[in-house]
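FYI, it's all coordinate maths here, none of it is from the lab. Remember, predicted model here, so these are calculated numbers, not experimental data. Glycine gets a Cβ as well: all are built from the backbone with ideal geometry, and neighbour counts include every protein chain shown.
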Amino acid sequence: MAVRTYVTTTVLNDRLEEVLHALENLDPSAIVGSANRSNDPDLPAGVSVSLTGDMREAVREQLKAFPDLEYDTYVRSIEDL
């Protein structure tokens, strides 16, 4: 069964690229579903990323570099889509 891991978070604009880069390093075929950003670096940006496979543990390890970052992960079968 093929699955994807979905990661959602809110991060300040000035950290957005760092977080996206960290997640994209886990999966070169990562899909950034959304990255709602503003021109103000102090405002939050909503982020949604989809990774190939069950990457929950890898995401947890990768995002340890951002100890104040709250995020949600879930895995979904792509056959359900």
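A few points about this structure:
- Segment Glu24..Leu69, full-extension length gain: 14.6 nm, with 0.36 nm per residue of separation and the alpha-carbon distance subtracted.
- Amide proton proximity set for Met55, modelled H, under 5 Å, gap of 5+: Thr5
- Net charge, Val19 excluded, C-beta distance under 12 Å - Lys, Arg +1, Asp, Glu -1: -4
- In this rough spin-label picture, where each label sits 7 Å from Cα along the Cβ direction, the Asp54-Ser77 distance is 1.3 nm.
- Normalised by 2.2 N^0.38 Å, with N the number of residues, the alpha-carbon radius of gyration of the chain equals 1.08.
- The Glu61 and Met1 beta-carbon pair, evaluated with R₀ = 22 Å, returns a calculated FRET efficiency of approximately 0.40.
- Burial order of peptide ranges 67-78, 11-22 (average beta-carbon count within 10 Å, highest first): 11-22, 67-78
- Helix 13-26 axis, angle to the chain major axis (alpha carbon atoms, nearest 10°): 20 degrees
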